[in-house]
Amino acid sequence: MRNTVFLLGFWSVYCYFPAGSITTLRPQGSLRDEHHKPTGVPATARPSVAFNIRTSKDPEQEGCNLSLGDSKLLENCGFNMTAKTFFIIHGWTMSGMFESWLHKLVSALQMREKDANVVVVDWLPLAHQLYTDAVNNTRVVGQRVAGMLDWLQEKEEFSLGNVHLIGYSLGAHVAGYAGNFVKGTVGRITGLDPAGPMFEGVDINRRLSPDDADFVDVLHTYTLSFGLSIGIRMPVGHIDIYPNGGDFQPGCGFNDVIGSFAYGTISEMVKCEHERAVHLFVDSLVNQDKPSFAFQCTDSSRFKRGICLSCRKNRCNNIGYNAKKMRKKRNSKMYLETRAGMPFKVYHYQLKVHMFSYNNSGDTQPTLYITLYGSNADSQNLPLEIVEKIELNATNTFLVYTEEDLGDLLKMRLTWEGVAHSWYNLWNEFRNYLSQPSNPSRELYIRRIRVKSGETQRKVTFCTQDPTKSSISPGQELWFHKCQDGWKMKNKTSPFVNLA
């Protein structure tokens, strides 16, 4: 029942409040009246917005609540005026309690920045309501955060440039409001899969936007499913990063949607996708030796074709906490692939394959696999995903990635497993059979494969092991070894040395 309510809650928001139609359900008044109070709240209820500085790594310890205007309490809570200050802002909640991710994020920040102030913005009373009411409460919570920051700025050694607001889901838009209302400019805002319903397509003053901080970076992990976007799809920062295309995250079980409905685990799947942004950020804090990198690209389709693995002119960047400031007039959309769990880092490769003399192929597309052999390890049999039709007598580009660092590539094996079994290809196979009942053999000629590593930017050319044999048919394989043809083999220093 809970799973059904979870999905229907989001679905109703999406249906009744389409992009650009955010509605204020009550007249705006003073800060005291502006937020939407749940009914039956006693006079001694907890404050609607609390600022809790975490001084212990023990998640069971509640920390110390700051009070605006109380300088003595600020000192007693151990607030460090000269250190970095993180404000963690949660999102909408069904349980009325903190999720486990918050304690992991607090711990990771404390481990990485030992002298920093880590403040949890607790607005659970205003978030544990109908989604539409919680959305309308984001503004007042943002104003409260801005008020706290304005008061801190009155302290001599406090700098707004040292402030980093980290908001998850609705919390990302709270951070946006805070950055908009504060007197001055916040150093950085990170949006972790900002909420989509009632924010998609609205004016920049009513959602997170690049104007809200000196640097705004965003991770999008659940942008579209069943026609519903729980996370916002549109870019809202200086850099917007879409891991795995920004939709289906590995390890979240989306390949078994019917089973998720049948066994009542659909809400866990949705939570996994949406919350992945938080875990990617935590990963960037705790696994400094395995940073993940993203690459600028116009859309997910082009990235999956392997076209966008360039680091020229700041076209690549770290993700999460290690992201480097990029101030451009235009937003940068960036993409990467990840593993199913920590550490999330993978190694991207662009393959340029020139295919020609594809005899009697019709419209059937081959099912090709590549195995990479390196100085450190060998890859699995990796599929060459055909995003669009293979072009004959032309160079086709593919993206593959490995979960291990293979080191220097030494050789590779290309395998043709047969015809891809989609309904489209089965129909074309039948059509080809009718027009060519003799079913002549299919051959694909490939003389060389050019490979570029996204992480190191090195380019290497591989030629067929036997120069007299460059054809491949279903059920066959071709071996390729390093050669000097095409790209020159270079040992350049990775541009990411300066990013890590």
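The values are calculated or read from the model by the stated rules, or taken from the named source; none is laboratory data. Small disclaimer: the values here were computed from a predicted structure and weren't measured. Neighbour counts are summed over all protein chains in view; Cβ atoms, including those assigned to glycine, are modelled from backbone coordinates with ideal geometry. With ligands, DNA and RNA removed, areas are computed over all heavy atoms of the protein, side chains included. Shrake-Rupley method; radii C 1.70, N 1.55, O 1.52, S 1.80 Å.
Descriptive notes on the structure:
- This model, with +1 at the C-beta of Lys and Arg and -1 at the C-beta of Asp and Glu, gives segment 50-336 a dipole about its Cα centre of some 1360 debye.
- Peptides 240-247, 46-53 ranked from most to least packed by the mean count of surrounding Cβ atoms within 10 Å: 240-247, 46-53.
- For the listed peptides 405-411, 82-88, 154-160, a ranking on the average number of other beta carbons within 10 Å per residue, highest first, reads 82-88, 405-411, 154-160.
- Evaluating 6.51 cos²θ - 1.76 cosθ + 1.60 at θ = phi - 60° for every residue in segment 375-384, the Karplus couplings come out as 6, 9, 6, 10, 7, 6, 6, 9, x, 8 Hz, glycine and proline recorded as x.
- Exposure check, 1.4 Å probe, all protein chains in place: S453 carries approximately 20 Å² of accessible surface.
- Near G475, once Lys and Arg are set to +1 and Asp and Glu to -1 for all other residues with Cβ below 13 Å from its Cβ, the sum equals -2.
- With K and R counted +1 and D and E -1, the other residues having a Cβ less than 13 Å from that of T298 yield a net charge of +4.
- Net charge of Cβ neighbours under 15 Å - reference E75; Lys, Arg +1; Asp, Glu -1: -2
- Taking the charge dipole of segment 47-206 about its Cα centre, with +1 at Lys and Arg Cβ atoms and -1 at Asp and Glu Cβ atoms, the residue from V106, V141, Y131 reaching farthest to the positive side is V106.
- A Cβ-based charge dipole, computed about the Cα centre of segment 43-100 with Lys and Arg at +1 and Asp and Glu at -1, lands at about 140 debye.
- A simple packing score, the average count of other Cβ atoms within 10 Å per residue, orders the peptides 130-140, 313-323 as 130-140, 313-323, with the highest score first.
- Within the accessible surface of segment 50-336, defined with a 1.4 Å probe on protein heavy atoms only, the carbon and sulfur portion equals 47 percent.
- Cα lying deepest toward the dipole's positive end in segment 50-336, options S169, L224, T55, charges on Cβ: L224
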